[in-house]
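The values are calculated or read from the model by the stated rules, or taken from the named source; none is laboratory data. Here the structure is a predicted model, which is why all the values come from computation and not from measurement. Counting neighbours? That spans all protein chains shown, and the Cβs are built from the backbone with ideal geometry, glycine included. Quick note on the areas: whole protein, heavy atoms, side chains included, nothing else; ligands and nucleic acids left out. Shrake-Rupley method; radii C 1.70, N 1.55, O 1.52, S 1.80 Å.
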Amino acid sequence: MRSPVTFASPNILELKHLYHEADSETHGLLNHRLWWDIVNDFRLGSEWRMDLEQLARRPVCPYPNSDKGDLSFLLNEGIAQMAVNLLPFFQHLVIKCGERGIVVVMRISKSNVRGDVNSWGLQRSNPHARTIIANVSDARDAVVLKHFPAILTKPEEIVSVTGAGDSLVGALSASIVKDGSTFLDPVKLDAAIQLSQKAAVASLHSIRAVSPLLGQTI
């Protein structure tokens, strides 16, 4: 069964709210048999957990002398677990983590309606490359978690944070509209996220919510 929502881009607070609403007594979506069948079919076992633990030890920022800590927040704050549990509802989650970068969590079907080529089948899980992949070699949907470090920005260069997240999502949405196979190809996804982060940085450097340079960035 396909996820009803193709793409969502919550920040960490919004992700937690989505998860708690889905798990609330009011909605009870995480108690539904269909949800359990989908999540159980992911078969995320000990290998997935070990890969996550290795990823959690990686630095948030790969640049020398960074003081932003490591990626342990993915486990300690339950980010990875909540995102995976939301995959039956959201096929592609692009989680905005501020200065800690972007975390993409998604389920990739072996076949898709558009007939686009799924290039994740050629990939392997590699925590050192900030990429974890499960089920890529069998008939089940592959589950992908990938961390993208934030573009390095000096504090004194930040004029306003207003609109940065919206600029990022707008640029990413434009990439997806331009090429519907963006999420299916690691190279295309890397390029789209890089472009989106550049758009966000342009807004950080501007007094306006949407930087006048945004058109040039895209």
* Can you list, bin by bin at 5 Å, the percent of alpha carbon pairs in the range 1-46, starting at 0? -> 5, 18, 19, 27, 24, 7, 0
* Could you grab the Rg to Rh ratio for the range 23-109? Cα atoms only, Kirkwood for Rh. => 1.02
* Find the relative contact order for the range 1-145 and round it to a whole percent, using C-alpha pairs within less than 8 Å whose residues are 6+ positions apart. => 28 percent
* Starting from one equal scatterer on each C-alpha and no solvent at all, send me the Debye-based log10 I(q)/I(0) for the range 52-95 at q = 0.17, 0.25 Å⁻¹, two decimals. => -0.55, -0.88
* Structure fact -> Between Lys68 and Ala174, Cβ-based FRET efficiency (R0 22 Å, step 0.05) works out to 0.20
* Asked: Carbon and sulfur atoms: what percent of the 1.4 Å accessible area of the range 1-103 do they account for?
  -> 49 percent
